[in-house]
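The numbers here are math on the coordinates, done by the rules we state, and not lab data. Just so we're clear, the structure is a prediction, and the values are computed from it rather than from any experiment. Here the Cβ is made from the backbone with ideal geometry for all residues, glycine too, and neighbour counts use every protein chain on show.
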Amino acid sequence: MKRVLIKRLFRWLAPALGAVALSACSTVEPYQKGNLADYTMRSDRDELASVMTSHIQFSREASTGGEGVGGGGCGCN
């Protein structure tokens, strides 16, 4: 009984997961690349958020990513 249930579930779940996984695949045409290179698509356009993210990163990791920030992992800088 348990085996039949697993087979039935797999029969419906596998194609559904495959469809979801393949739906995210797309190609970008050359004329669309200008839209992707727009300023609003940049992740670092909010300077305060970038500074806070780098502060959290070096406070937690006790290392810096070449940002020019010194100190250890105590978060007191």
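Each of the peptides 6-19, 48-61, 25-38 was scored by the mean count of other Cβ atoms within 10 Å over its residues; in descending order, highest first, they stand as 48-61, 6-19, 25-38. Extension gain for Leu36 to Leu9 (0.36 nm times residue separation, less C-alpha to C-alpha distance): 5.8 nm.
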